[in-house]
Amino acid sequence: MTDQEMIALCRNGDREAFNALVLKYQKQVFNIAYGMLSDYEDASDAAQDVFIKVYRSIASFRGQSSFSTWLYRICSNVCNDMLRKRQRRGISISLDNDEEDNPASHLPSEEPTPAERLEESERSRAVREAINGLRKEYREIIVFSDMEQLSYEEIAKILRCPVGTVKSRLNRARNALRKKLSEKRELF
């Protein structure tokens, strides 16, 4: 069943169709939220909020863009709201999360030694820390482009900006990330 068919059913109150949409997109929404918020619990909360907002407003989806573009835009807005609330409250996120609590830190490898695991963990922590240190709009574009591998056109629709802006912002974001990571040169 296509997204459009599921959306039509959702508009008529079909909860099974909505559940199917959630199942189809829950991983991507969580990954975007985690990439932007760098906290497992906050990302889970954000993903839940996203789907609540989608459920409440699916009737207003006009179909001028793909459903995924609309969904990712809602996710971006929810995460940005959470980041603003953190800033106002002065909440900081620990970068010392245990690997068991952080699914993004489990990188596939073939039987690494403990030393290799430690080195990989330090590398992951350095990347997360560098991404967290980026400005909000840079962090957002890195998540959409490099983590979720969305096209420039998709990102432009989500962020409601021209493709040229996406390209230039992504270039500046990667340069800023490269600069932050160059300080940890021994890990790379």
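The values are calculated or read from the model by the stated rules, or taken from the named source; none is laboratory data. All of these numbers come straight from a predicted model, not from anything done at the bench. When we count neighbours, we look across all protein chains shown, and the Cβ atoms used for this are built from the backbone with ideal geometry, even at glycine. SASA here: full protein model, heavy atoms, side chains in, ligands and nucleic acids out. Shrake-Rupley method; radii C 1.70, N 1.55, O 1.52, S 1.80 Å.
Miscellaneous remarks
- Hz values of 3J(HN,Hα) by residue in the stretch 170-179 - Karplus curve (6.51, -1.76, 1.60), Gly and Pro given as x: 5, 4, 5, 5, 5, 5, 5, 5, 4, 5
- Residue among Met36, Met82, Met147 with the largest mean-square fluctuation in a Gaussian network model of the chain, springs linking Cα atoms under 10 Å: Met147
- Entries in Lys27/Lys85; Lys27/Lys167; Lys136/Lys167; Lys136/Lys180; Lys136/Lys179 that, when Cα-Cα distance is taken, lie over 22 Å: Lys27/Lys85; Lys27/Lys167
- Using the 1.4 Å probe convention, the accessible area of the stretch 105-183 works out to 61 Å² per residue with neighbouring protein chains retained.
- For the stretch 116-188, fraction of C-alpha pairs farther apart than 17 Å, in %: 45 percent
- Residue of Leu118, Leu150, Leu159 that the Gaussian network model of the chain assigns the largest fluctuation, springs spanning Cα pairs under 10 Å: Leu118
- Entry note, the chain: the mean residue ellipticity at 222 nm calculated from DSSP H runs of n ≥ 4, each adding -39500 (n - 2.57), is -22500 deg cm²/dmol after division by the residues and rounding to the nearest 500.
- DSSP loop trypsin sites (Lys or Arg not before Pro) with at most 15 other Cβ within 10 Å: longest gap in the chain: 63-134
- Shown in residue order for the stretch 64-72 are the 3J(HN,Hα) couplings computed by the Karplus curve 6.51 cos²θ - 1.76 cosθ + 1.60 at θ = phi - 60°: 6, 10, 5, 4, 4, 4, 4, 4, 5 Hz (x for Gly and Pro).
- Within the same chain, lysines fewer than 8 places from Lys24 are excluded, and of the rest, those with a Cα less than 21 Å from its Cα are Lys53, Lys157.
- Surface composition of the stretch 123-163: carbon and sulfur atoms hold 47% of the protein heavy-atom accessible area at a 1.4 Å probe.
- Max mean-square fluctuation residue, GNM over the chain, Cα-Cα springs under 10 Å, options Ser145, Ser76, Ser57: Ser57
- Contact order normalised by residue count of the chain, Cα under 8 Å, 6+ apart, percent: 22 percent
- For the pair the stretch 118-140 / the stretch 47-93, the C-alpha centres are spaced 22 Å from each other.
- Altogether, the Stokes-Einstein calculation at 25 °C and 0.890 mPa s, with the Kirkwood radius of the chain over Cα pairs as Rh, returns a diffusion coefficient of 137 µm²/s.
- Using θ = phi - 60° in the Karplus curve 6.51 cos²θ - 1.76 cosθ + 1.60, the 3J(HN,Hα) couplings for the stretch 48-57 round to 5, 4, 4, 6, 5, 5, 5, 4, 6, 10 Hz; x is entered for Gly and Pro.
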